[in-house]
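Before any comments, here is the structure.
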Amino acid sequence: MARIRDCRPAVFYCAPLPIGKGINMKITDFVSRHLVQAHLKSHTKNAVLSEIVDQISVCKKIKDNKEILERILEREKQGSTGIGNGIAIPHARIKDLNEAVLFVGLSRKGIDYASIDGKPVHLIVFFLTPLLESGLHVKILSQIGTILNDKVVVGQLMRCSNDDELFHALKKGEIEKERFLSLSREDICLELET
């Protein structure tokens, strides 16, 4: 069995949170040096989502690429996860997934993603959680949203030219803070339906 560091994709594997950890979860708990990628190859939404799913599959953390891609695309039909300002947060809850999977990637050229502002996406934070772990899903989404609302942090991430720089930017101070974005009741219900 290959070691995780031998896996070429930018995938963060998130072990289930220990009981009692709850609100103290930090995204940096999920960041691993060998699992970031600063250069995505695809330039369209469907192609980049397929590229990411294929990369996650290489590390044997998902069983059915087709099912995962269908769930992600199904979520995109409810509303683009391209949140604007060059950022997308594709995500889904997946049946038979054993642990959360988090992927962070950059695209220099930009991805035609049908974002809410119509601009290309350069930063993708992609995550999957087990279907029955709704609380974990909402917490990850909330904390990612909080981090990506910080223009200084986003600027640091987007300027990264290689995997090591991206890793270090993800581990830096502001991201370490335990903060959560307030989600509306509608946002939470939408996420729990997917």
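The values are calculated or read from the model by the stated rules, or taken from the named source; none is laboratory data. None of these values were measured; they are calculated from a predicted model. Because the Cβ atoms are built from the backbone with ideal geometry, glycine has one as well, and the counts that use them run over all protein chains shown. Remember, those area values only see protein heavy atoms, side chains included, never the ligands or the DNA or RNA. Shrake-Rupley method; radii C 1.70, N 1.55, O 1.52, S 1.80 Å.
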Being closer than 24 Å to residue 100 by Cα and either open to solvent by less than 10 Å² (accessible area, probe 1.4 Å) or free of Cβ contacts under 8 Å to residues at least 12 places away in the same chain (or both) is the filter here, so list the residues in the stretch 146-162 that pass it. 153, 157
Selection count, the stretch 149-165, where residues are modelled with pLDDT under 90 and of a type in the set (A, V, I, L, M): 2
Out of the stretch 41-65, which residues are at pLDDT below 95 and part of a helix (DSSP H, G or I)? 51, 52, 53, 54, 55, 56, 57, 58, 65
Looking only at the stretch 65-91, which residues are open to solvent by less than 20 Å² (accessible area, probe 1.4 Å), farther than 25 Å from residue 150 by Cβ and touching a residue at least 60 places away in the same chain (Cβ under 8 Å)? 68
Name the single residue, out of those in the stretch 118-142 being touching a strand residue (DSSP E or B) at 6+ places or on another chain (Cβ under 6 Å) and in a loop (DSSP other than H, G, I, E, B), that is farthest from residue 72 (Cα to Cα). 120
